[in-house]
Structures are given as C-alpha cells and as structure tokens.
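Participant: Dropping a structure here in structure tokens format, bear with me for questions.
The values are calculated or read from the model by the stated rules, or taken from the named source; none is laboratory data. None of the values given here were measured: they were computed from a predicted structure. Using ideal geometry, Cβ is built from the backbone for each residue, glycine included, and neighbour counts are taken over all protein chains shown.
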Amino acid sequence: MHVLVTGGAGYIGSHATLRLLEDGHRVTVYDNLDRGHQATVKILQAFGGERYRFVRGDLLETEALRTALAGVDAVMHFAALAHVGESVIDPFRYWSVNLGGTLSLLTAMRDAKTPRLVFSSTCATYGEPPPERIPIAEDCPQAPVNPYGASKLACERLIKDVAEAHRRNGLPFGFALLRYFNVCGSDPKARLGEDHDPETHLIPICLEVALGQRKELTVFGEDWDTPDGTCIRDYVHVTDLVDAHVRVLEKLAPGAELIYNVGTGQGASVREVLNACRRVTGRPVAERRGDRRPGDPPALVNSPAKIRRELGWTAARANLDVMIEDSWRWRKDHPHGYGGSRR
Ligand code: UDP
C-alpha cells in the first residue's frame, strides 16, 4: 500500500511511518515541520530508502496536498495541535489547524479520490464522563471540556458527513476514528523519540527534571476526587498505538466506519507516574504543588473491550515502567531531543 502520513515528522506520525516502512509499505510523509522534526526525515529516509518520500507542506495548502495524494491508497492523519492547556489559551489556532486542516485534507482526498482515512482522535472528545461511564467505551457521550477536544470532535463529525456524501455519490471511502488516550514511550530500539516544543506532557517533563534540565514538576492539582487527589490517565505505548493503526488499516474496506478507543484500560495517577519516573531513572524528580490546569478532566481510563474483540489488539507494552524505560532510553541518548536539527 502507499500511505500518506500527515504529521509524519512528529512524535506519533514518525513512529507510524517507521512501522509502515517495516511492514513493506510505501510512505509519503506530509509535514510542515512546525512541530515535526527534520531529523526524523533523515532517519526514516535511511530506513525506508526509495519507499519513503518527504513532502514539506501545510495542511491548509489543499493544492499541494492534492498533488501529494496522487497514487495514494490511504491517509493516516496525525498532523494537529494536541495540547489541552494551549488550546484553552489559543482556540483560534486549534480550530484553524485541527478543523481547517482536516477540511482541507478531505477536500484534497475527494479530488484525488483517495479511498481510506485513519484519523487521530482523542479521549478528550469525551470530556468529563460521569464515574459510572469509566472505563470509557466508544458509545460514551462525547462532550469535550476544552477546545482541543472540541476541535477533534468536530473533525469526527466532518469525516462522518463526508463519508456519507461519498457513499451517496457511489465513491468508495472507508474511515477509522481512533480515540487515543495518553500516548507515551518511544521506539524500543531508540531510533525515534518524543520531543515537543513546548513540552507540556507529564512523562517527558518528569524525565527533563531527572536530567537536571528543569527544576521540578508542577503537579496540577492534588485535590481532585481521586484516590491520591491527582488526575488519572490511561497511558498507552506509542508502538502499541501504531499497531492499532496497522490493524485498522487492514480492515478498512470501502464503506467501512471503524471507531475505536486506544488505551490499555489501566489508569495511573500523576503521583504514580511521578514515582515510576523516579524508580526507572533512579534519580530524584522534584515536585511542587500547583493549581488545577484549566480543561483537565479528573479521570480518563479506557475500556479496550471493543478493539480487543474486533481487531485482536492488546497493549503489548502496557506496563508503566516499561513505557517510561523506553522514553528514558531515548531521552538519555538525546538529552536535547532532536536538538539543533529542528527545521
Ligand atoms: N500534568 C501535571 N503537570 C505537568 C503536566 C501534566 O500535573 O507539568 C498532569 C495533567 O494535569 C494531567 C496529566 O498530568 O492530569 C497528563 O497530562 P498530559 O499533559 O501529559 O496529557 P493530557 O492528559 O493533558 O493529554
């Protein structure tokens, strides 16, 4: 298959690209390198050879996308802005990149007659589910509590509407919506890693503290209604997440509508993650008590029953220490991430 991966120079997209290349597919990465890394291009090029192609372009450039889509069998659409806190501060940018970018991509896909789409959605589309809805199944009502989740939910709706129109017009189109929980870890062989600028995610920040690059972790609220008072999330290893994409792609026939949550089903509190980072690194990770972060739901834990039943997917690297070990291995080798190679 020839797969176009938007955001294929970013964290999850680069890992997906590596896996697709490993499986023998052709991959065109489409990325504007705003948050993606030029360094991944060299790494993936070296691995994929002529099966790998990099196109630097923005999602809002529909014409460039249309050109890049020639001969493409499927799109994996990772390119997006994905920080909850940032989305509250700058909703304009989130709606423009996430919804505007997806609309532009769907327009280009319609024109290029690209028949398959795998879309990166998020558990943030569920908002703050009531306790009786946790663990969260795919039929849980979606009521996002921040602009990030709202923009992704709008994309889901847009994709469904477009698929329905394609169906009426007799165009073959299949789509998958994968709602990710908290993605972490990195390639177990440490070829690729996680490097965000700005970094806002819990595990990378803890590792930066362990490396002495930050003074401390600020714990965003210790007064939540959870057993230890800190927020609970479901952390899923990026290679397991990518495996879910590959499985879904195999099932994505024209007309298919596949919707799955991707998370292990195990929740970990901020305090548990912090302690796991101390354990794995063997280094102190200082902390300080902070206020709650606007837009944070107290607990998000997946029910992986549907994806397990229908795709046979289970998380092979579900252990929190294993996930952090993989992140730590790459981070120790690359203390400044991809370093000066950005852009
Ligand atoms: N968190 C924290 N301090 C930080 C960053 C994150 O306490 O510096 C908490 C955050 O409030 C959330 C959890 O860690 O409960 C995971 O946050 P992250 O930003 O990694 O992912 P999110 O759940 O927002 O997608």
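Participant: What are the pairs, 6+ residues apart or on separate chains, where a residue within region 197-220 that is over 21 Å from residue 37 (Cα atoms) has its Cβ under 7 Å from a residue that is more than 8 Å from the ligand (Cβ to nearest atom) and at pLDDT below 95?
Facilitator: 211/335
Participant: Could you list all residues from region 69-79 that are over 24 Å from residue 94 (Cβ atoms) and outside any loop (DSSP other than H, G, I, E, B)?
Facilitator: 74
Participant: Checking the condition within 30 Å of residue 114 (Cα to Cα) and crowded, with 17+ Cβ neighbours inside 10 Å, which residue from 195, 296, 187, 234 passes?
Facilitator: After applying the criteria, what remains is 187.
Participant: Residue 305 fails exactly one of the following numbered conditions: (1) over 21 Å from the mean Cα position of the chain (by Cα); (2) under 24 Å from residue 130 (Cα atoms). What is the number of that condition?
Facilitator: (1)
Participant: Taking residue 203 and the conditions (1) within 21 Å of residue 124 (Cα to Cα); (2) of a type outside the set (D, E, K, R); (3) away from the ligand (no atom under 12 Å from the Cβ), which numbered condition does it fall short on, given that it satisfies the others?
Facilitator: Just one mismatch for residue 203, condition (3).
Participant: From the list 233, 278, 308, 289, exactly one residue is away from the ligand (no atom under 16 Å from the Cβ) and either at pLDDT 95 or above or among the small types (Gly, Ala, Ser) (or both). Which is it?
Facilitator: None of the other options fit; the residue is 308.
Participant: Condition check: within 16 Å of the ligand (Cβ to nearest atom), in contact with an Asp or Glu (Cβ under 6 Å, 6 or more places away or on another chain), within 26 Å of residue 6 (Cα to Cα) and small (Gly, Ala, Ser). Does residue 151 satisfy that?
Facilitator: No; evaluated as a whole, the condition is false for this residue.
Participant: Name the residue that is surrounded by the fewest Cβ atoms within 10 Å (Cβ to Cβ), counting only residues in region 245-271 that are over 27 Å from residue 165 (Cα atoms) and touching a Leu at 6+ places or on another chain (Cβ under 7 Å).
Facilitator: 268
Participant: Additional query: Any residue in region 114-141 that is farther than 18 Å from residue 256 by Cβ and of a type in the set (S, T, N, Q) sitting within a Cβ distance under 6 Å of a residue that is crowded, with 16+ Cβ neighbours inside 10 Å and modelled with pLDDT of 95 or more? List the pairs, counting only those 6 or more apart or interchain.
Facilitator: 122/152; 122/179; 122/180; 125/142; 125/144; 125/149; 125/152; 125/153
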